[in-house]
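Nothing in this text is a laboratory measurement; each read-out follows from the coordinates by a stated rule. Computed from a predicted model, the values in this text were never measured in an experiment. Every residue, glycine as well, gets a Cβ built from its backbone with ideal geometry; the counts of neighbours run over all protein chains shown.
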Amino acid sequence: MVIKQAELEAVCGITSKLPENAYPEVAFAGKSNVGKSSLINSLVNRKALARTSSQPGKTQTINFYRINQAEYLVDLPGYGYAKVPQSEKEKWGKLIERYLHGSKQLKAVFLLIDIRHEPGKNDAIMYDWICQNGFAPIIIATKLDKIKRSQVQKQIKLIREGLAVKPGTTIIPFSAQTKQGVEEVWAVIEALWNGEL
Ligand SMILES: Nc1nc2c(ncn2[C@@H]2O[C@H](COP(=O)(O)OP(=O)(O)OP(=O)(O)O)[C@@H](O)[C@H]2O)c(=O)[nH]1
Ligand SMILES: [Mg+2]
């Protein structure tokens, strides 16, 4: 993928009207701190297009990054951050649900899971939500650099079983640090654009 242009075009909060974009969208969902914004930066080969932080709960809005004059990468708010009040969490949940349900241009949803941990209850809920809205989630197992190579298959199996993923589900091991997996994620996105998936 040749990135000629990558720009934050729209930011939507809980009271925002969602944009009606002219280009297809792919969205990235996952727990707070799992690495969604870092993944977007890796995909577009920029250090800080999407804001990242060691403080969880950084992305509290739906951020639409336009790539070339062609497509959008969509950064969804992270869930499961304990310090956020329940009322806020519900509002974000509704925002994500509204987007998954309402976007006419959304073509695929990637669900990010930290490769070090077994998926949690919220991950399972998110997985089901994505499915209920008619998408087959593609899993990205993040922070690959944090585990030993010998552990990778075992951890992937934990994710597969923990989410009870549908047969044939793609799980891509990924590291924003080493950039391993960038090509694989783009390959999935490009296959989608070409109508191969
Ligand atoms: N070692 C390592 N650290 C990572 C990786 N991806 C993200 N991080 C770190 O994890 C922290 C959170 O990353 P973000 O990309 O901000 O996570 P997020 O999912 O966007 O988080 P929210 O916006 O809070 O939902 C940052 O300190 C990143 O540097 C990775 O692949 N490897
Ligand atoms: Mg973020």
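Can you name every residue in segment 96-117 that is β-branched (V, I, T) and within 16 Å of ligand 2 (Cβ to nearest atom)? Hits for segment 96-117 are I96, V109, I113. Scanning segment 43-96 for residues that are outside any strand (DSSP E or B), of a type in the set (S, T, Y) and more than 8 Å from ligand 1 (Cβ to nearest atom) gives T61, S87. Considering segment 26-38, the residues that are within 7 Å of ligand 1 (Cβ to nearest atom) and buried (at least 24 other Cβ atoms within 10 Å of the Cβ) include one that is nearest to E88 (Cα to Cα), namely G30.
Restricting to segment 159-175, name every residue that is among the aliphatic types (A, V, I, L, M) and part of a loop (DSSP other than H, G, I, E, B).
Of all residues in segment 159-175, those among the aliphatic types (A, V, I, L, M) come to 159, 163-165, 171-172.
L163, A164, V165, listed by residue number.
Could you tell me whether any residue of segment 41-50 is without any contact (Cβ under 8 Å) to a residue 24 or more places away in the chain and small (G, A, S)? So far as segment 41-50 goes, yes, one or more of its residues are without any contact (Cβ under 8 Å) to a residue 24 or more places away in the chain and small (G, A, S).
Look through segment 176-197, keep the residues that are in a helix (DSSP H, G or I) and out of contact with any strand residue (DSSP E or B) (no Cβ under 8 Å at 6 or more places or on another chain), and return whichever of them is farthest from N33 (Cα to Cα). Among those that are in a helix (DSSP H, G or I) and out of contact with any strand residue (DSSP E or B) (no Cβ under 8 Å at 6 or more places or on another chain), it is A191. For I62, state whether it is without any contact (Cβ under 8 Å) to a residue 40 or more places away in the chain, surrounded by 16 or more Cβ atoms within 10 Å (Cβ to Cβ) and within 14 Å of ligand 2 (Cβ to nearest atom). Taking the combined requirement at face value, the residue does not satisfy it. Residues of segment 102-155 that are charged (D, E, K, R) and part of a helix (DSSP H, G or I): K121, D123, D128, D145, K146, R149, K154. Could you tell me whether K166 is farther than 26 Å from V44 by Cα, free of Cβ contacts under 8 Å to residues at least 24 places away in the same chain and among the basic types (K, R)? No, not satisfied. Suppose the filter is within 17 Å of the chain's Cα centre (by Cα) and within 23 Å of E97 (Cβ to Cβ); does V44 pass it? Against the criterion (within 17 Å of the chain's Cα centre (by Cα) and within 23 Å of E97 (Cβ to Cβ)), V44 does not qualify. For segment 72-95, filtered to residues that are under 16 Å from L18 (Cα atoms) and surrounded by fewer than 21 Cβ atoms within 10 Å (Cβ to Cβ), the residue that is farthest from ligand 2 (Cβ to nearest atom) is K94.
Select from segment 1-21 the residues that are of a type in the set (A, V, I, L, M) and in a strand (DSSP E or B) and write down the one among them that is nearest to Y65 (Cα to Cα).
Initially, segment 1-21 is screened for residues of a type in the set (A, V, I, L, M), giving 1-3, 6, 8, 10-11, 14, 18.
When the remaining residues are screened for being in a strand (DSSP E or B), the result is 6, 8, 10-11.
Numbers: A6: 6, L8: 4, A10: 7, V11: 9 Å.
It comes out as L8.
If a residue must be touching a residue at least 24 places away in the same chain (Cβ under 8 Å), more than 16 Å from ligand 2 (Cβ to nearest atom) and of a type outside the set (A, V, I, L, M, F, W, C), how many such residues does segment 130-163 contain? Looking only at that region, the number is 6.
For the criterion of being under 25 Å from W186 (Cα atoms) and surrounded by fewer than 16 Cβ atoms within 10 Å (Cβ to Cβ), S53 passes.
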